[in-house]
1. In region 93-144, which GluC sites (Glu not before Pro) are in a loop and have at most 16 other Cβ atoms within 10 Å, using DSSP for the loop call?
2. When ligands, DNA and RNA are left out and all protein chains stay put, how many square angstrom of accessible area per residue does region 1-124 have with a 1.4 Å probe?
3. Most mobile of SER129, SER183, SER175 per a Gaussian network model of the chain (Cα springs, under 10 Å)?
4. Treating only the Cβ atoms of Lys and Arg (+1) and Asp and Glu (-1) as charged, compute the dipole magnitude of region 1-74 about its Cα centre; round to the nearest 20 debye.
5. Consider all pairwise Cα distances in region 1-57 and report the whole-number % of them above 19 Å.
6. ³J(HN,Hα) across region 39-50 via Karplus (A = 6.51, B = -1.76, C = 1.60, θ = phi - 60°), whole Hz, x for Gly/Pro?
7. Rounded to a whole number, what is D in µm²/s for region 31-139 from Stokes-Einstein with the Kirkwood radius over alpha-carbon pairs (37 °C, 0.692 mPa s)?
8. I need to check one value: relative contact order of region 1-65, counting alpha carbon pairs closer than 8 Å and at least 6 residues apart, in percent.
Amino acid sequence: LDVESTGLNLRRDKIIAYGAVPIRRGRIQMADATYGLVGIADAVPEASTCIHYIRTQDLATAPPLEDVVRQLDSMICGAPIIAHCAFIERTLLRRAYRRSGLQLGNPFIDTAPLATAALSETIEGGFISLEYAATALGVPVHEPHHALGDAITTANVFLAVASRMERQLAPAPLSTAAMIDASTPPHPQRRTSEWPYPRPL
């Protein structure tokens with residue numbers, strides 16, 4: 001799953017686009033992928049538009065946040081949510097769920113630390129970017145900074161990393177719980193209102 005927002009201040013900025021694609025039995029299910037825009041009352045900052053190319057007028061007929069949350073919730077159900085630098089999606093989605101009168105209790109699998117470990121990268125103070133991880137792992141990059149494109153890239157990165165982890169664990173099976181544990185920092189992420197990771201190549 002991936003979301004685009006009006007900015008990177010997690011206390012203030014809002015979700016304006018979402019993309020999600022399910023993975024079942026180790027396969028990406030493109031037929032069940034979903035993408036959409038989210039209607040908001042505020043203008044989209046020009047600096048954000050320069051990143052994801054979503055303009056204020058593009059959201060004029062988009063459904064409200066509450067409708068989007070209900071749609072995503074019916075798709076996600078209780079499944080783990082996979083995201084790159086998942087702190088962003090986790091924080092924005094939990095706030096969106098609360099505003100919609102729901103609670104998001106799904107576990108998250110973060111492909112950023114997983115890919116960093118799989119590639120034996122050393123990035124001081126953060127993790128490698130999604131595009132770098134995909135390229136280094138030999139999987140395609142789909143439309144960077146487009147919510148569905150990034151969701152598909154994240155799914156491919158996840159499967160590539162999972163394959164490496166499974167080979168390392170063989171003959172023991174790789175479990176979802178192991179992926180969740182491996183992507184969770186040993187110490188709680190320091191809460192901040194700003195983007196918590198650098199953006200290295």
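The values are calculated or read from the model by the stated rules, or taken from the named source; none is laboratory data. Keep in mind that what you see is a predicted model, and the values were worked out from it rather than measured. Cβ coordinates were reconstructed from backbone atoms using ideal geometry, including for glycine residues, and neighbour counts include every protein chain displayed. Each accessible area value is taken on the protein alone, full model and side chains, heavy atoms only, with ligands, DNA and RNA left out. Shrake-Rupley method; radii C 1.70, N 1.55, O 1.52, S 1.80 Å.
1. Answer in residue order: GLU121, GLU124.
2. Value for region 1-124: 51 Å² per residue.
3. Comparing SER129, SER183, SER175 in the GNM, the peak value goes to SER175.
4. With Lys and Arg at +1 and Asp and Glu at -1, about 300 debye.
5. Within region 1-57, distances greater than 19 Å cover 36 percent of Cα pairs.
6. Result, rounded to whole Hz: x, 10, 7, 8, 7, 7, x, 4, 4, 6, 4, 5.
7. Here the translational diffusion coefficient equals 204 µm²/s.
8. 28 percent
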